[in-house]
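The values are calculated or read from the model by the stated rules, or taken from the named source; none is laboratory data. Quick caveat, the model's predicted, so the values are computed rather than measured. Backbone-built Cβ (ideal geometry, glycine too); neighbour counts: all protein chains shown.
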Amino acid sequence: MSEVLLSARGLRLAFGGVKAADGIDLDVRHGEFLAIIGPNGAGKTTFINMTTGYLRPQAGRIEFEGKPILGLSPRAIVRRGIGRSFQLPQLFTEHTVLENAALAIAARRGIWSPLAPLLRPRWRDEAMDLLDRFGLRAVAEARADALNEGARKLADIAMAVALEPSLLLMDEPTSGVAAAEKMAIVETLVRVLRSTGVTAVFVEHDMDVVARFADRVAVWSQGRIAALGPPAEVLADPAVRRDVIGIAADA
Amino acid sequence: MKREPLLAALGAFALIACAWAVPWLKFILTIALAKGIAVLGILLLLRAGQVSFGHSMFLALGAYTVAFMAPTEPEVLLLLPAAALVATGFGLVIGLFLVRYRDIFFGMLNLAFAMVLYSLLEKLYAITKGTDGIRVAGLTFAGTQPERPVQEWVMFGIALGLAILFGLLVSVYLASPMGRALAGIKTRETRLEFMGVPARRVLLFAYVLSALMGGVGGALVAMTTRHVTPQIAYWTASGELVFIAILGGAGSALGPFLGATAFELVRVYAAAAVAEAWQMILGAVLLVVILFAPGGVWGLLSRRWRA
C-alpha cells in the first residue's frame, strides 16, 4: 500500500492572476482511494488536467510508475495506464451505451480494423459484462443521451475502466446525481473499482462519500494542499471544517 | 432478412428495369451511380460532423487521369484503378494537412484546394486544353471495343457493380470500430483522445477512403460522358455533391444513391419542363427536404418502414 504510483512535485500553473496550482506536492500510493476536496476554483480539476496531459504546468514534474509523464499527450498518458472520467460525462451521445463500452474496449484491444464489426460477439460479451458490473445492462441498448445523470456518470467511468488503467482519476463522480441515488452509485463504483484493484483519485464535494470511501483525503485550497491524511483526521480538523468544508458545502 | 440489403436489391433491380424500359435514361442513371459513389465519401465525412465543400477535386483527379491516360492506355479495367490510385494519393497528401482542422475551416480548406485545382485545369491550356476540355475516346473493355449501345450497358453495369461494392464496403466500415470512432469525432472527440485513439488518424482514413471513391466516381463520369472539362472541379460541382448527400440522407449507404438518382432525375425533368428555371426547382426540392425530411429520402423511407 505504501509504494508510490504517481508523484507530483512543485506543480505550478496560473491562469492570469489565479493560481490553480501553487507548488503542489503529492504522492498517490498503489491501490489507495484518494479523495480531493476543496472549494470551487481551488485547482482540483486542474490537477487532473495536468496529470492527464490536458494542461501543462508552468513548473514542476509528475512521475507515473517512476517515469516522467509531463509533456506527453493525453493519448500517450492513457497508454501508460492513467484513465480519467469527467465532471460532465463525455459519452458518444449518438451511440448506444453498449457501443460506448465496446468502443472503449476496442480502444484497448485495437481499433484499426475497418472490416470487422465493433459489436463482434467477443467484444459485445465483454462490453455487456462491463455494463453488468456497473449495473447498466438494462440500458445497454439505449442511446447514451437518453440516460439520467447517475447512469451517465457510471457509463463515463465504465469507459475509463474498460481501458484497464492502473490509476483512475475521476472528476466529481457524483455531481449532478440525485441525492437519493448518490450512495447507491458510489457503492457500485467502489465495489467495481476495488474488484479491479485500480488506484483511484477522485474529486468530491460530498463529505459523506469522502468519509465512507476514501483511504486518504487531500484538501485543496487556492492551488495548495492545505491538509492530507486519513478522512477521520482531516475532516475533524477545525481549520478544514471552517475554511474548506463550510465553503464546499455552500458551493 | 435485413431491410437495407433488400432495399438495395430492389433499388438495383428498379434501376436496371428503368434503364431497359427507357434507354436514354441509362446515361442519366450511370452518372447518378457514379456521383452516388463519390457522395458516399461525403457521407463518411458527414458522419464525423465534417462537410467538404471541395470534394469535386477528387472527381476531377479521377476524370482527368482517365482523360490523360486513355490515348495510351484505353483499357477501362486499368483506367479505373489508376484513377482510384491517383485520387487516393492526393487524398492522403491533402488529408494529412486537412484533418488538423474542423468544421468551417475543414470545409473551406477543401474548397480552397478544389479551386486551386480548378484554376490549374483551366489555365494550363497546353496540358489540359483549358475550358475546351479533353475528349475521352476509344475506350476498351477487357480488350474489346463493343458497339455504342453495348458500351452503354457495360458502363451502366460497371457503375452499378462498383456502387454495390462501395456501398457494402462503407456499410461494413461504418459498423467497424474505426467507423464508430469516426462518428465519435462528431460528438466527443475529446473522449477519443482520452481513450488513446488518435482522432486525426481516424478522420484521415475516412478522408482517404472518400478520396478514393471520389476518384472512382470521377473516372466513371469521364468514361460515360466521354468529355472532361475543369467544370467538374468547380465549387458548384462540390456543392452538388453536398446537395445530393443531404437530399439522400446520411443515415445509410443507400442514401447517396437515392439522392443522386433523385437529383439527376429532377434535374433532367425540371430542365425539360422549365428550361430557364430548373435550378429553382432543385432549390425548392432541397428546401422541402430540409424542412420536412431532415433525414433525406433515406430518412423518409426508413421512417415509413418502421411505421
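Restricting A:Glu181, A:Glu141, A:Glu164 to residues that are surrounded by fewer than 18 Cβ atoms within 10 Å (Cβ to Cβ), away from chain B (no Cβ under 14 Å) and not in a helix (DSSP H, G or I) narrows the list to A:Glu141.
Checked against the criterion of being assigned to a helix (DSSP H, G or I) and either touching a strand residue (DSSP E or B) at 6+ places or on another chain (Cβ under 8 Å) or farther than 30 Å from B:Pro149 by Cβ (or both), the candidates B:Ile244, B:Ile281 yield just one match: B:Ile281. Does B:Glu193 fit the bill of being of a type in the set (Asp, Glu), away from chain A (no Cβ under 14 Å), surrounded by fewer than 24 Cβ atoms within 10 Å (Cβ to Cβ) and out of contact with any strand residue (DSSP E or B) (no Cβ under 6 Å at 6 or more places or on another chain)? No; evaluated as a whole, the condition is false for this residue. Somewhere in the stretch B:243-252, is a residue away from chain A (no Cβ under 14 Å) and surrounded by fewer than 24 Cβ atoms within 10 Å (Cβ to Cβ)? Yes, there is a match, as at least one residue in the stretch B:243-252 is away from chain A (no Cβ under 14 Å) and surrounded by fewer than 24 Cβ atoms within 10 Å (Cβ to Cβ). Residues of the stretch A:170-182 include at least one that is modelled with pLDDT under 85, more than 17 Å from the chain's Cα centre (by Cα) and not small (Gly, Ala, Ser). Candidates B:Thr140, B:Thr65: the one that is touching a residue at least 12 places away in the same chain (Cβ under 8 Å) and either closer than 22 Å to B:Phe205 by Cα or crowded, with 22+ Cβ neighbours inside 10 Å (or both) is B:Thr65. The residues of the stretch B:132-162 that are in a helix (DSSP H, G or I), in contact with a Pro (Cβ under 9 Å, 6 or more places away or on another chain) and at pLDDT 90 or above, listed by number, are B:Glu152, B:Trp153, B:Val154.
When B:Ala233, B:Ala222 are checked against the criterion of being touching a strand residue (DSSP E or B) at 6+ places or on another chain (Cβ under 8 Å), at pLDDT 90 or above and more than 14 Å from chain A (Cβ to nearest Cβ), B:Ala222 stands alone in meeting it. Considering only residues of the stretch A:209-251 that are within 19 Å of A:Gly23 (Cβ to Cβ) and among the charged types (D, E, K, R), which is modelled with the highest pLDDT? Checked the stretch A:209-251; the qualifying residue modelled with the highest pLDDT is A:Arg224.
Looking at the stretch B:153-167, can you tell me whether even one residue there is in contact (Cβ under 8 Å) with a residue 12 or more places away in the chain, surrounded by 18 or more Cβ atoms within 10 Å (Cβ to Cβ), within 14 Å of chain A (Cβ to nearest Cβ) and at negative phi? So far as the stretch B:153-167 goes, yes, one or more of its residues are in contact (Cβ under 8 Å) with a residue 12 or more places away in the chain, surrounded by 18 or more Cβ atoms within 10 Å (Cβ to Cβ), within 14 Å of chain A (Cβ to nearest Cβ) and at negative phi. I'd like to know if the stretch A:191-212 contains one or more residues that are charged (D, E, K, R), under 21 Å from A:Thr96 (Cβ atoms) and surrounded by 23 or more Cβ atoms within 10 Å (Cβ to Cβ). No, because not a single residue in the stretch A:191-212 is charged (D, E, K, R), under 21 Å from A:Thr96 (Cβ atoms) and surrounded by 23 or more Cβ atoms within 10 Å (Cβ to Cβ).
A residue that is surrounded by 17 or more Cβ atoms within 10 Å (Cβ to Cβ) and farther than 25 Å from B:Gly296 by Cβ cannot be found anywhere in the stretch B:31-48. If you check A:Val4, A:Val18 for being among the aliphatic types (A, V, I, L, M) and in contact with an Asp or Glu (Cβ under 7 Å, 6 or more places away or on another chain), only one passes: A:Val4. If you go through the stretch A:103-114 and pick out every residue that is within 21 Å of the chain's Cα centre (by Cα) and at the interface with another protein chain (Cβ under 8 Å from one of its Cβ atoms), you end up with 5. Taking A:Gly110 as the residue in question, decide whether it is assigned by TED's automatic domain parsing to the domain that holds A:Ile245 and surrounded by fewer than 24 Cβ atoms within 10 Å (Cβ to Cβ). Taking the combined requirement at face value, the residue does not satisfy it. Would the stretch B:175-184 turn up any residue that is assigned to a loop (DSSP other than H, G, I, E, B), buried (at least 20 other Cβ atoms within 10 Å of the Cβ) and either away from every other protein chain (no Cβ under 14 Å) or in contact with a strand residue (DSSP E or B) (Cβ under 8 Å, 6 or more places away or on another chain) (or both)? Within the stretch B:175-184, none of the residues are assigned to a loop (DSSP other than H, G, I, E, B), buried (at least 20 other Cβ atoms within 10 Å of the Cβ) and either away from every other protein chain (no Cβ under 14 Å) or in contact with a strand residue (DSSP E or B) (Cβ under 8 Å, 6 or more places away or on another chain) (or both). Take the conditions (1) surrounded by 23 or more Cβ atoms within 10 Å (Cβ to Cβ); (2) more than 10 Å from chain A (Cβ to nearest Cβ); (3) within 23 Å of A:Leu98 (Cα to Cα); B:Ser171 misses just one of them, which is (1).
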